[in-house]
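S.K.: Can you keep this structure in mind? I'll have questions shortly.
The values are calculated or read from the model by the stated rules, or taken from the named source; none is laboratory data. Computed from a predicted structure; not experimentally measured. Quick reminder, even Gly has a Cβ in these numbers, built from the backbone with ideal geometry, and neighbours come from all protein chains shown. For the accessible areas, the whole protein counts, side chains as well, though only heavy atoms, and no ligand, DNA or RNA atoms are used. Shrake-Rupley method; radii C 1.70, N 1.55, O 1.52, S 1.80 Å.
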Amino acid sequence: MDFPEFKRSLAKAKPPAGVAPALAALWWAGKDEWEKAHKIVMDEADKDCAWVHAYLHRVEGDLGNAGYWYRQAGQPVAKDSLEAEWERIASTLSADSQA
């Protein structure tokens, strides 16, 4: 699934079937469903989920916790808008899912 297709899927009631947990969490975040998104990434240990986890804590305003998760993900701490970061993560992860 490419990024434009992923973004269009936000109009639906559920994330696309078969997407990785990190993308599913990001999908819920895109629907302003922070709790659902957080529950998914809390149960996963990979770097993609850690990156989404960092983003979610940034959304929450918990920058200290976000910093921890950025380090776990091996990603720099984001300094751009939340919207730009969501798009960057979604674009990267959806491209990776096609590889």
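S.K.: Mind telling me which of the residues Ala45, Ala66, Ala37 ends up being small (Gly, Ala, Ser), farther than 19 Å from Ala95 by Cβ and open to solvent by 70 Å² or more (accessible area, probe 1.4 Å)?
M.R.: Ala45
S.K.: Let me ask something else about it. Looking at the stretch 88-99, which of the residues that are without any contact (Cβ under 8 Å) to a residue 24 or more places away in the chain and either assigned to a loop (DSSP other than H, G, I, E, B) or of a type in the set (D, E, K, R) (or both) is farthest from Ala24 (Cα to Cα)?
M.R.: Within the stretch 88-99, the match that is farthest from Ala24 (Cα to Cα) is Ala99.
S.K.: Could you check Gln75 against (1) part of a loop (DSSP other than H, G, I, E, B); (2) without any contact (Cβ under 8 Å) to a residue 40 or more places away in the chain; (3) within 18 Å of Pro4 (Cβ to Cβ) and say which number it fails?
M.R.: With (1) part of a loop (DSSP other than H, G, I, E, B); (2) without any contact (Cβ under 8 Å) to a residue 40 or more places away in the chain; (3) within 18 Å of Pro4 (Cβ to Cβ) applied to Gln75, the lone miss is (3).
S.K.: Which members of the stretch 48-63 meet the condition of being under 16 Å from Glu83 (Cβ atoms), open to solvent by less than 70 Å² (accessible area, probe 1.4 Å) and more than 8 Å from the chain's Cα centre (by Cα)?
M.R.: Ala54, Arg58, Val59, Gly61
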